[in-house]
Amino acid sequence: MMKISSHLLFMLPLAFGIGIAMTFQTALNTQLREYFYSPLQAALLSFFIGTCVLALLVVVQPVDKPQLHDFSNIPWYLWLGGCLGVYAISISIYTAPKLGFLTFSGLVIFGQILTSMIFDHYGLLGTEKTPVNWQRLLGGVVIFIGVLLTLQRWIYLDQAHDEYE
């Protein structure tokens, strides 16, 4: 029988909340895009607001602050996280309204699961090695099937489009 610790019970809703927050963020940024000329401009405003909030939180956080020379010790590839954030936010603003939020979210989650399995299996970027087993693989397949089921909207739209041509 699986034991669930109080720490895990605390972390589960926090992680679930990320999914909720990401859906709201995508919906808000998609609407924000209507006020600009490109998804990148909407993403810039979103990142600017996020940067301001983070700066405020860092200033009030009661821990030592890094010095300028500390940044030179950071490996080059760790700077790519910000670039990946730009990709994720900008492309979500562009694709979510076209795909629909359910299909978009399913594809994002499937991409995260597939990549996470690879990272865990090989212990990439400092993750603990956790081999892929049949349960983890089955979970990924179930998510993939779920994404395929959400594509019914697109299949129906394509068939309706073909009928009118």
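No value in this document is a laboratory result; all are computed from the given coordinates. These numbers come from a predicted model, not from an experiment. Here Cβ is always computed from backbone atoms with ideal geometry, including for glycine, and neighbour counts include all displayed protein chains.
Were the residues from Ser5 through Phe48 laid out at 0.36 nm apart, the gain over their Cα-Cα distance would be 11.7 nm. The helix-based estimate of mean residue ellipticity at 222 nm for the chain, built from -39,500 (n - 2.57) per DSSP H run of four or more residues and divided by its residue count, is -25500 deg cm²/dmol to the nearest 500.
Applying the Karplus relation 6.51 cos²θ - 1.76 cosθ + 1.60 with θ = phi - 60° to segment 33-45 yields 3J(HN,Hα) values of 4, 5, 9, 10, 9, 7, x, 5, 5, 5, 5, 4, 5 Hz, where x marks Gly and Pro.
Normalised by the number of residues in the chain, the average gap of Cα pairs under 8 Å and 6 or more apart makes the relative contact order 20 percent.
Quote the convex hull volume per residue of the chain, based on C-alpha atoms, as a whole number of Å³. If you can, show how the numbers build up before the last one.
Working: hull volume 32.1 nm³, N = 165.
Value for the chain: 195 Å³ per residue.
Working from label points 7 Å from Cα in the Cα-to-Cβ sense, the Ile20 to Ala55 distance is 3.0 nm.
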